[in-house]
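Below: one structure, written as structure tokens.
The values are calculated or read from the model by the stated rules, or taken from the named source; none is laboratory data. Keep in mind it's a predicted model, so treat the numbers as computed, not measured. Because the Cβ atoms are built from the backbone with ideal geometry, glycine has one as well, and the counts that use them run over all protein chains shown.
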Amino acid sequence: MTTEFVKIDYNKDMESQLTGAAEIIRRGGLVAFPTETVYGLGANALDPDDAARIYLAKGRPSDNPLIIHISKPEEAEKYCFVNDIYSKIASAFMPGPITVIMKKKDIIPSKVTGGLDTVAVRCPSDPVARKLIELSAVPIAAPSANTSGKPSPTCAEHVREDLEGKIDLIIDGGSCQIGLESTIVKVSDGKVSLLRPGGITVEMLEKVVGEVNVDRAVRERLPENVRPEAPGMKYRHYAPEAKVFLIVDDGTPGFIGRAAEYINSRIAEDPRTGALCCSEICEKLKGKYIKDLGPKTDKTEHAKHLFAYLREFDDTDVSVIYAVTEDESGIGLAVRNRMLKASGYNIIEI
Ligand code: AMP
Ligand code: MG
């Protein structure tokens, strides 16, 4: 299959640039599109055969459900049984980087939800994504537009690397604003659980819905016999080819110096050692493969660069990577969660 490309000009009328893409969705094709979180690989969420094509193109296990994307928060009630908490979350954070899981209605095929009786719903804020959904006039089922297991794509070039020749169209809307996938919450018995941290943080959610229970799969590897609430959490994710070790900033004085000293000692032993950490540590490192995530306190910046840097390591002969994770406040929890997965929960003490 030949994959077409469209580059969005934000100064021009959006509709005329997206009618072709919407037409592809309507006739059953696959379109990769930008969102504020990561690029999505979209198809008509009401057609089970179209959903099946998404799984095939990504090499995604069929029990890992898709998120459906709507252009207005009110549309959710056509596809699932909405509750009060959804309404609160919708008025506070939608359109935006948050996904809510609710009991599905029959109109959503079970192929889309990996056989579950629930469906994950999100209304993105990105103007290209919203216009595309609106013009398609159907909800768009879309996981991240990467090959299953690889880091999610945060620019159109990443999508091209993974999916060229396997999908109909890639819409290039530039780099994603947040860089990590949406926050996912599930509501049951009036209680809110956080299944995946993202741009809408626990602190932000708690101001609107009260106490939020952080699912244990956010911070730990689940034992083999435990079924995760979000099936995607059990799969290998975001992993570059080289082994990743995670160093957690414990907040003790002198941590920056100690971390730099440790990583430098590893580089001295093997020059193919890579590092992924904040600017303050990077400044002290002497090596070939140093990726600077940004100033220590600017975790929004870390989120934006993480996936691109993980991909860049794969283009080098790096043999092992030391990543340093900051505290869990704000978007820090989401950055740490992705780093944990990239490292296969390989934490080392220094
Ligand atoms: P992605 O493939 O990056 O779009 O991630 C989607 C995530 O949402 C995966 O971890 C899925 O397992 C999760 N998800 C989607 N639908 C549901 C659902 N109905 N119940 C629980 N988790 C879901
Ligand atoms: Mg994904």
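Please give the strands (runs of 3 or more DSSP E) falling wholly within segment 197-315 in which 2 or more residues are modelled with pLDDT of 95 or more and closer than 30 Å to E161 by Cα.
Strands (runs of 3 or more DSSP E) meeting the threshold: 243-248, 273-277, 289-292.
Residue by residue, here is whether (1) in a helix (DSSP H, G or I); (2) more than 15 Å from ligand 1 (Cβ to nearest atom); (3) on the phi > 0 side of the Ramachandran plot; (4) touching a Phe, Trp or Tyr at 6+ places or on another chain (Cβ under 9 Å) holds:
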{"site": "G149", "(1), (2), (3), (4)": "no, no, yes, yes"}
{"site": "V159", "(1), (2), (3), (4)": "yes, no, no, yes"}
{"site": "I171", "(1), (2), (3), (4)": "no, yes, no, yes"}
{"site": "L180", "(1), (2), (3), (4)": "no, no, no, yes"}
{"site": "V192", "(1), (2), (3), (4)": "no, no, no, no"}
{"site": "L195", "(1), (2), (3), (4)": "no, no, no, no"}
Quiz item: Which residue pairs have Cβ atoms under 6 Å apart, sit 6 or more places apart or on different chains, and have a first residue in segment 82-105 that is under 17 Å from M204 (Cα atoms) and a second that is buried (at least 19 other Cβ atoms within 10 Å of the Cβ) and basic (K, R)?
Solution: T99/R122
Quiz prompt | Out of I89, I101, I108, sole residue that is under 14 Å from I140 (Cβ atoms), at pLDDT 95 or above, among the β-branched types (V, I, T) and buried (at least 23 other Cβ atoms within 10 Å of the Cβ) | solution = I108
Exercise. Search segment 184-203 for residues that are in contact (Cβ under 8 Å) with a residue 60 or more places away in the chain and within 17 Å of I331 (Cα to Cα) and pair each with any residue that is basic (K, R) and within 11 Å of ligand 1 (Cβ to nearest atom) when their beta-carbon atoms are under 7 Å apart and the residues are at least 6 apart or on different chains.
Key: I184/R196; L195/K186
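Yes/no matrix, rows are residues, columns are (1) of a type outside the set (G, A, S); (2) touching a helix residue (DSSP H, G or I) at 6+ places or on another chain (Cβ under 7 Å):
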site	(1), (2)
A268	no, no
G274	no, yes
S279	no, no
G287	no, yes
I290	yes, yes
L293	yes, yes
K296	yes, yes
E301	yes, no
Quiz prompt | Residue list for segment 53-75, restricted to those being more than 15 Å from ligand 2 (Cβ to nearest atom) and buried (at least 21 other Cβ atoms within 10 Å of the Cβ) | solution = I70, P73
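For segment 308-324, enumerate the residues that are buried (at least 18 other Cβ atoms within 10 Å of the Cβ) and out of contact with any Pro (no Cβ under 7 Å at 6 or more places or on another chain).
Scanning segment 308-324 gives A308, Y309, V318, Y322, A323, V324.
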Quiz prompt | Within segment 130-146, tally of residues that are more than 16 Å from ligand 2 (Cβ to nearest atom) and either in a helix (DSSP H, G or I) or closer than 22 Å to K58 by Cα (or both) | solution = 9
Exercise. For segment 111-118, state whether one or more residues are at positive phi and within 15 Å of ligand 1 (Cβ to nearest atom).
Key: yes
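Condition check ((1) among the charged types (D, E, K, R); (2) within 16 Å of ligand 2 (Cβ to nearest atom)) across all residues:
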| position | (1), (2) |
| --- | --- |
| T201 | no, no |
| E206 | yes, no |
| V218 | no, yes |
| L222 | no, no |
| Y235 | no, yes |
| F245 | no, no |
